[in-house]
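Just below is one structure, and these are the notes that go with it.
The values are calculated or read from the model by the stated rules, or taken from the named source; none is laboratory data. Quick caveat, the model's predicted, so the values are computed rather than measured. We place every Cβ from the backbone using ideal geometry, glycine too, and count neighbours over all the protein chains shown. Accessible surface areas use protein heavy atoms only, side chains included; no ligands, DNA or RNA. Shrake-Rupley method; radii C 1.70, N 1.55, O 1.52, S 1.80 Å.
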Amino acid sequence: MDMNEEQPRVEDRCIPWSDGTQLLEDAAERKHFLPTGLEGIDTLLGGGLRKGQLTEITGQSSSGKTQVCLYSAAHVAARHMGAVLYLDTSNSFSPSRIACILDELPVSLIKEPKDVRLKRVMSSIICESVFDIFALFEVLDQLEVSLNGKVHHDGNKICLLIIDSVSSLLAPIIGGENSQGRSMMISVAMILKKLAHKHNLSALVTNHMVAGNEAPKPALGESWKAVPHIRLMVSRDRRSNICTATTLKHTLLASGRRMKFQLLPAG
Amino acid sequence: MNHTDEEAYAALRGCDMAPNKTAQKLLLQGAQNAWDMLSEEQSQKHITTGSGSLNDILGGGIHCKEVTEIGGVPGVGKTQLGIQLAINVQIPVDYGGLGGKAVYIDTEGSFMVERVYQIAEGCISDIMEYFPCHHDKASSGQENLQPESFLAGIYYFRICSYTEQIAVINYLEKFLGEHKDVRIVIIDSVTFHFRQDFEDLALRTRVLSGLSLKLMKLSKAYNLAVVLLNQVTTKFTEGSFQLTLALGDSWSHSCTNRLILYWKGNERCAYLDKSPSLPVASTPYAVTSKGVRDAGSSSCKRVRVM
């Protein structure tokens, strides 16, 4: 008897390959764009946050990063695209703000009354507070287990994962002589990209800005820059309340383009 | 028992819980959906600042489960507001307050207990004015309304170095577990010890961002408000020196809300600079002998000694 027959074949150990046409088909059929609901940003991103990809928003304090996250959560859930998991590190997830964003949305074709919609949408946005890197690993691990279990029926599968902000979890451990923090940062990056790829979800993370030599720069710098597919910078004019988004990195479209967008007045 | 994941899920599907609900429970123990959070948020009470117009721009007062940073130049009223909040959090539930207690972490030694007594008296006299009938019949509640009991409801830590400050914040988790009635933690000021004797600025950033996450966690876990008082510094931007809050750009991300106190001529003003749910707004306020109040309510303009 041949010994080799007992062993799994080498092809079985390797993940299956696919060719370009399959990829193109997959891109067209499954890699949908999730709208942020902010016109300027959706235009910049070619339609919104893409499934399978990691999008990063960077900007100074109070520039509108969290608002973009809240808008995206509200719009994706409102358009029946799936559930949203929101990981909040700075107690800034505001349900009342989401309710306010939803209230301004036009009532859809199926004439779902506003109060019914509010409850449906709010129920499919799940929020968890995460205050250290280990808690983040745990949550992402649980998420993976749950997605593998396929318990969710299609309408409620998580399609958008938001971490606001990933940089504040990493800031206490990065830098100095210890390189452990850096390796944890890379682990986070790998897990996020794996989740996005395998479960066809879109990941949105925020990265705060710190003072640089000349201009402010993103807190997670050069070695993180390779991680997100798209890096978007937002800034806000204090007087006019008009925000500007600039693509710093985009894997598909030219970078350096900018668009203005406006947030709804709060309250 | 050796079940594979699939078997476990199949078993759960068999339960009479909706699959969705099961999944959510399985997914994350601490997670909540936004609908439940909204109704919870709407039933929350806020801590009044003592000034109606200041409460308005803050959406009703200082919110629990959030970290609010209050910054301003020396003498504009940061500590006054801090003390006022430590008193106001104790307003009994019968009188529309939270009936909680306060933790006051003093790093600068600016907590003047005589002034606290005075503010407590001012708070009580205002309560009596708003609830005259309540005062007559509620004899049991009346016992509580003594300035002494307000003073007893403040747990005070005097911190003399940044090591002590880190230690006390680490200890708070245990302390708050034992004192569940604490609804506000005030740090006056978070800056003081970190502005001196700290050579390695990168280390300072790491320590501070760790502290801010701990405070975020405490505020959420114990449903309390965290108020951080911060000093100002000058920063060279766009060709001129401008006043900004101390501790740098990295720190500026580590609060949920930011309120900046400033002078506008002879009037004290507050400016809500950052909030996830409220618009940027400003309003005048005043510091009277009774504490923080609306501007123009009485002769409250401070005579500035230049």
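Quick notes on this one:
- With the simple model of a label 7 Å out from the Cα in the direction of the Cβ, residue A:116 to residue A:215 spans 4.9 nm.
- Dipole axis of chain A (+1 Lys, Arg; -1 Asp, Glu on Cβ), positive-most option in A:17, A:173, A:253: A:253
- Cα long-axis angle, helix A:133-149 against chain A (0 to 90 degrees, to the nearest 10): 70
- Rounded to 10°, Cα long-axis angle of helix A:180-198 versus longest principal axis of chain A: 90
- In range of the label at residue B:113: residues from segment B:74-88 whose backbone nitrogen is under 20 Å from the point 7 Å along Cα→Cβ: B:79-88
- The modelled label-to-label distance between residue A:257 and residue B:243, using points 7 Å beyond Cα along the C-beta direction, is 4.3 nm.
- Placing +1 on the Cβ of every Lys and Arg and -1 on the Cβ of every Asp and Glu, with nothing else charged, gives segment A:1-80 a dipole about its Cα centre of roughly 680 debye.
- A simple spin-label model places the labels of residue A:142 and residue A:107 3.8 nm from each other, with each point 7 Å out along Cα-to-Cβ.
- Local charge for residue B:193 was computed over the other residues whose Cβ lies under 13 Å away, with Lys and Arg +1 and Asp and Glu -1, and equals -2.
- Over the Cα atoms of chain A, the radius of gyration divided by the Kirkwood radius equals 1.00; this is the Rg/Rh ratio.
- For peptide B:203-216, the mean count of partner chain Cβ atoms within 10 Å of a residue's Cβ comes to 5.
- Semi-axis lengths, Å, the protein assembly as shown, gyration tensor of Cα atoms, sqrt of 5 times eigenvalues: 45, 27, 24
- Label-zone membership for segment A:237-258, site residue A:43, 7 angstrom Cα→C-beta point, backbone N under 18 Å: A:237, A:241-248, A:253-258
- Accessible area buried, both sides summed, chains B and A with 1.4 Å probe, Å²: 4200
- An ellipsoid equivalent to segment A:61-124, defined through the eigenvalues of its Cα gyration tensor, has semi-axes of 22, 12, 10 Å when rounded to whole angstrom and sorted largest first.
- Set A:65/A:217; A:51/B:220; B:45/B:290; B:101/B:274 screened for pairs whose C-alpha atoms are more than 21 Å apart: A:51/B:220; B:45/B:290; B:101/B:274
- Nearest 10 degrees, 0 to 90: helix A:65-78 Cα axis against chain A principal axis: 70
- Charges were assigned to the Cβ only: +1 to each Lys and Arg, -1 to each Asp and Glu. The resulting dipole of the protein assembly as shown about its Cα centre is roughly 1540 debye.
- Residue-wise HN-Hα couplings along segment B:168-185, as the Karplus relation 6.51 cos²θ - 1.76 cosθ + 1.60 with θ = phi - 60° gives them from phi, are 5, 5, 5, 6, 3, 3, 5, 4, 5, x, 8, 10, 6, 7, 6, 10, 8, 10 Hz; Gly and Pro carry x.
- Think of a 1.4 Å ball rolled over the protein heavy atoms: the protein assembly as shown then has 47 Å² of accessible area per residue.
- FRET E, pair residue A:29, residue B:234, Förster distance 51 Å, beta-carbon r, rounded to 0.05: 0.35
- In terms of packing, defined here as the mean over residues of other Cβ atoms within 10 angstrom, the peptides B:277-288, A:65-76 line up highest first as A:65-76, B:277-288.
- Surface composition of the protein assembly as shown: carbon and sulfur make up 54 percent of the accessible area, probe 1.4 Å.
- All Cα pairs of segment B:38-294, percent lying beyond 30 Å: 25
- Built amide H within the under 5 Å cut-off of residue B:273, gap 5+: B:258, B:259, B:260
- Amide N of segment A:220-260 lying under 15 Å from the label point, which is placed 7 angstrom from the Cα of residue A:179 along Cα→Cβ: A:223
- Within the shell defined by Cβ-Cβ distances under 14 Å, the residues around residue B:106 carry a net charge of 0, with Lys and Arg each +1 and Asp and Glu each -1.
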